[in-house]
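The values are calculated or read from the model by the stated rules, or taken from the named source; none is laboratory data. From a predicted model like this one, the values you see are computed outputs, not experimental measurements. Ideal geometry is used to build each Cβ from the backbone, glycine not excepted, and the neighbour counts take in all protein chains shown.
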Amino acid sequence: MTLPWPYVTLSLHDSPRFAGNSAEPGLSIQGLRKAGKRLDGQTHAQMRIVGRRREVDDAEGWRIRKDSDPMGLSEEQVTTFWRDGFVIVTNVLTPEEVAALKQRTEEIIRGDVPFPAQYLQIEPELEGELGAKIDPVFRVRKLWNLTRYDPVFQEYARHPKIVEAAVDLLGPDIKLYTDQMLLKPPLHGSAKPYHQDSVYWPIDPMELATCWMAFDDSTVENGCMRFLPGTHKLGSLKHYHLEGPHIVPEGWESMSKRPDEVAVEIPAGSCTFHHSLILHETAPNRTANPRRAMTTAYMRATSRYTGDPPQPEFDQIAGRSYPGCV
């Protein structure tokens, strides 16, 4: 199967809407506030095409040829990540890839392909009689360990565009820490309150980079990502258990009212990379359509595991491994 494969790098601009071939500096948080706190990764993108076509073998529904050209981040994007704690990268996946990955997700949920049931979580609202009346595909809140148990998602985690971006942010030696598919079903998709990822993750240093890939257009209405820029520089904050799977920092209730909060709207096939210490949340999905997103968290191969033994095995994604490290 031959797919169009436009590789692009992005330069975000300090204006509400990008117009023309501006040479403005990278988009600042001040500029985001002027733009009304909603960042649309599609309309702020200036694209530089660095490749045009590659072959995709569809033998398993979705497979990338090993000679596919990667897409690196610009210096501005790398600077933005370390300054603000997140960066947007648009047009990473083609529509064909997105469709194939959504189909694979449905196959996993329906049991059409092997996958351990313990790594599937139902939305709390849909666990009882209400959920019994709904298509099982639209009852699931979360899947995880997809990159461990499913060959399609194992390869997704090694997508050359995603890996090249992770290398640009973290260095040449990269391992995969974890993955989650976050599904926010129509009308019942629950909120995820403000938190830091690294509080959940026993990895030192707390400098992982998570690729949050939209499989559907991600909007304010259906629960797009929201960040408090620069909060990764606060270090690890004390969190406490709220309810269910949620742990939150003190003062989490008022964080969504802060004037510096940024809601990031991106189209399907685009992503954000965010620092594992940045404070972030997603609101409920009250629309009639699902909001599906896949996360893969990458870490330096020189990182150290600080959790209870035994240390898990972590997949090498790029470069080499180091004795005594992850």
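Observations, loosely collected:
- When region 231-286 is filtered for residues that are among the hydroxyl-bearing types (Ser, Thr, Tyr) and in contact with a strand residue (DSSP E or B) (Cβ under 9 Å, 6 or more places away or on another chain), the ones remaining, listed by number, are THR231, TYR240, SER256, SER270, THR272, SER276, THR282.
- Sole residue being at pLDDT 95 or above, over 21 Å from the mean Cα position of the chain (by Cα) and within 16 Å of HIS195 (Cα to Cα), chosen from LEU234, LEU279, LEU242: LEU234
- Sole exception among (1) in contact with a strand residue (DSSP E or B) (Cβ under 6 Å, 6 or more places away or on another chain); (2) over 17 Å from MET225 (Cβ atoms); (3) aromatic (Phe, Trp, Tyr) for TYR194, by number: (2)
- Residue list for region 202-237, restricted to those being in contact with an Asp or Glu (Cβ under 8 Å, 6 or more places away or on another chain) and of a type in the set (S, T, N, Q): THR210, SER218, THR219, ASN222
- Considering the conditions (1) closer than 28 Å to GLU123 by Cβ; (2) in contact (Cβ under 8 Å) with a residue 12 or more places away in the chain, GLY324 is excluded by exactly one of them, (1).
- Pairs linking a residue in region 213-224 that is at positive phi to a residue that is part of a loop (DSSP other than H, G, I, E, B), with Cβ atoms under 8 Å and 6 or more positions apart or on different chains, are GLY223/LYS184; GLY223/ALA191; GLY223/ALA283; GLY223/PRO284; GLY223/ARG291.
- Figure legend. Inter-residue proximity from region 245-256: first residues without any contact (Cβ under 8 Å) to a residue 24 or more places away in the chain and farther than 15 Å from LEU277 by Cβ, second residues of a type outside the set (Ser, Thr, Tyr) and in a loop (DSSP other than H, G, I, E, B), beta-carbon distance below 7 Å, spacing 6+ or different chains. Indicated pairs: GLU250/LYS238.
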